[in-house]
Amino acid sequence: MLELLKDCWGLLATLLVSAWDILGSALNLVIIDDPFWRGVQFIIVVLLTWNNRKELIQLVDRTPLLGGLLARGLKLADSGAEMIKEKLDAAWDLVRSKTWDKAVSFILKADKDLRE
């Protein structure tokens, strides 16, 4: 029985060491030294985090003790980011309506006048 426990422990240790080695090899494949591709990789991570931010907050909220407090801070940051995004969208709509839409309407009017 003691030998069986030693074998089980050895198997578990071997599996953990192997998993650690596999994880290290995978990270070496993912980590890129070129600054351009590192930036692309960073942008992808940021976009994935932004798209899944609600699920990440819920995941943090499920952890005991400090998870609820940390999730509260993340919820405040998320609401602040949403407010900033809405304000930027409104500012972009204002800029577009004052510039691009006027230019397009001027071009369409000039085209209509030329066709008549």
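Since every read-out is calculated from the coordinates, none of them should be taken as a lab result. None of these values were measured; they are calculated from a predicted model.
Descriptive notes on the structure:
- Proximal aspartates and glutamates to K6, defined as alpha-carbon separation beneath 16 angstrom and excluding residues fewer than eight positions away on the same chain: none
- Taking 0.36 nm per residue of separation and subtracting the current Cα-Cα distance, fully stretching the chain between L12 and L48 would add 9.6 nm.
- Residue by residue, segment 106-111 carries 3J(HN,Hα) couplings of 5, 5, 5, 5, 5, 5 Hz when phi is fed to the Karplus relation 6.51 cos²θ - 1.76 cosθ + 1.60 (θ = phi - 60°); x denotes Gly or Pro.
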